[in-house]
Amino acid sequence: MYNFAVMPKYSIVVPFHNEQESVTTLYDRLKAVMEATGESFELVFVDDGSTDRTYKLLREIVTIDSRVVVVKLRRNFGQTSALAAGFANAHGDYFIAMDGDLQHDPDDIPKFLEKLEQGYDLVSGWRKERVDNFVMRRFPSRIANWAMSKLSGVKIHDFGTTYKAYRREIIQQLPLYGELHRFIPALASWYGASICEIPIKYIVRPKGNSHYGISRTFRVFFDLITIRFLLKYMYRPLHLFGTAGMLSVFSGLVIALGLMFGKVVWHQSIMGEHGPLLIASAVLIVSGVQLLALGLLGDLQVRNFQEPARRVPYTVAQVLRSQIQEQAVNE
């Protein structure tokens, strides 16, 4: 076991939520794979509000292995927030994120490390041969991945898998909240990251029950809208809302001028003959002004986004480290 006084090169970040059947097995397999690489590493395990024995098992592991860090969240914040908490408490030069349910094979890790050593900033796993339900999982996933690729311009096949590797400096720049962990490649590409994709084994969940269902598809759809906005208008929201607002105001004014012309030239009764059109004109003008104001407020919020102090979308209850780790972190 290496001396933790030397910061690890690799940090393996794994969120757990009610995965008591998988914790010990995954730890043993990760330890064996990483020790075989001959490089320094740490295992950062995040308990995302588990209600079973997951945290108890993680607490036992951290007492016997100084390379393990356990982050306990106060409640279930979701996978993206759990990953963000893991990244915030990791100290490696490279991060590898994966699920804690044994569907991701630790034996694939050396392939990720090889690509990182070649100079890529982000290496994404590709579940090339999926074996889960076609209607409930694979078909919606294909549509979402196709849409994400088109919207982001990142030509990879699988945005949804957690199994990815990152350079530390890349992941620290990315905002992570909601369900955005599956869109990290799109966000990273905006920052100029070099990205590649490697096929990974996709294993049928050996124990426990899946935490995902068809309802997640709808959340992904809304996140697609969010990610499109972030990629194109993150620093210039007025360009989006201002354009829509100006079009709305212009349309309303054209209708209003037309009605005025009819009133002055042909002496039409505006309310009697064109009441609905007059109301539509007023709504368009008012809506346009509101959109312009929304765009201006959005531009003001960009200033807050640029501030160095960022709020995090989770609350940590406790972080367990060995005494050796605590000394290294405090130095």
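The residues of segment 160-184 that are within 27 Å of ASP107 (Cβ to Cβ), of a type outside the set (A, V, I, L, M) and under 10 Å from the mean Cα position of the chain (by Cα), listed by number, are GLY160, THR162, HIS181, ARG182, PHE183. Would you check if there is a residue in segment 6-14 being farther than 24 Å from TRP126 by Cα, aliphatic (A, V, I, L, M), open to solvent by less than 20 Å² (accessible area, probe 1.4 Å) and not in a helix (DSSP H, G or I)? There is no residue in segment 6-14 that is farther than 24 Å from TRP126 by Cα, aliphatic (A, V, I, L, M), open to solvent by less than 20 Å² (accessible area, probe 1.4 Å) and not in a helix (DSSP H, G or I).
Only residues that are of a type in the set (S, T, N, Q), part of a loop (DSSP other than H, G, I, E, B) and touching a Gly at 6+ places or on another chain (Cβ under 9 Å) were counted in segment 45-54, giving 0. Figure legend. Inter-residue proximity from segment 276-291: first residues open to solvent by less than 80 Å² (accessible area, probe 1.4 Å), second residues aromatic (Phe, Trp, Tyr) and assigned to a helix (DSSP H, G or I), beta-carbon distance below 9 Å, spacing 6+ or different chains. Indicated pairs: LEU284/PHE250; GLY288/PHE250; LEU291/PHE241. Scoring THR54 on the criteria (1) surrounded by fewer than 23 Cβ atoms within 10 Å (Cβ to Cβ); (2) more than 22 Å from the chain's Cα centre (by Cα) leaves a single failure, condition (1).
Restricting attention to segment 312-323, the residues being open to solvent by 70 Å² or more (accessible area, probe 1.4 Å) and modelled with pLDDT of 70 or more number 2. Scanning segment 93-108 for residues that are farther than 22 Å from ARG59 by Cβ, in contact with a Ser or Thr (Cβ under 8 Å, 6 or more places away or on another chain) and open to solvent by less than 10 Å² (accessible area, probe 1.4 Å) returns PHE95, ILE96, HIS104.
When GLU35, GLU60, GLU42, GLU19 are checked against the criterion of being in contact with an Asp or Glu (Cβ under 8 Å, 6 or more places away or on another chain) and acidic (Asp, Glu), a single residue qualifies: GLU19. Picking from residues in segment 148-195 that are among the acidic types (Asp, Glu) and closer than 25 Å to GLN103 by Cα, the one that is surrounded by the fewest Cβ atoms within 10 Å (Cβ to Cβ) is GLU179.
Is it fair to say VAL33 is at pLDDT 95 or above, open to solvent by less than 50 Å² (accessible area, probe 1.4 Å) and not in a strand (DSSP E or B)? Full working, then the answer.
Details: at pLDDT 95 or above: yes; open to solvent by less than 50 Å² (accessible area, probe 1.4 Å): yes; not in a strand (DSSP E or B): yes.
Answer is yes for this residue.
Just to be sure, is GLU42 buried (at least 21 other Cβ atoms within 10 Å of the Cβ), among the acidic types (Asp, Glu) and not in a loop (DSSP other than H, G, I, E, B)? Working first, answer last.
Values: buried (at least 21 other Cβ atoms within 10 Å of the Cβ): yes; among the acidic types (Asp, Glu): yes; not in a loop (DSSP other than H, G, I, E, B): yes.
Yes; evaluated as a whole, the condition is true for this residue.
Contact annotation: residue pairs with Cβ atoms under 6 Å, 6 or more positions apart or on different chains, pairing a residue in segment 16-34 that is in contact (Cβ under 8 Å) with a residue 60 or more places away in the chain and closer than 14 Å to ILE96 by Cβ with a partner that is among the aromatic types (Phe, Trp, Tyr) and crowded, with 21+ Cβ neighbours inside 10 Å, are MET34/PHE41. Would you point out the residue of segment 58-77, among those that are of a type outside the set (Lys, Arg) and open to solvent by 20 Å² or more (accessible area, probe 1.4 Å), that is farthest from SER22 (Cα to Cα)? The extreme case among them is PHE77.
The values are calculated or read from the model by the stated rules, or taken from the named source; none is laboratory data. Computed from a predicted structure; not experimentally measured. When we count neighbours, we look across all protein chains shown, and the Cβ atoms used for this are built from the backbone with ideal geometry, even at glycine. Remember, those area values only see protein heavy atoms, side chains included, never the ligands or the DNA or RNA. Shrake-Rupley method; radii C 1.70, N 1.55, O 1.52, S 1.80 Å.
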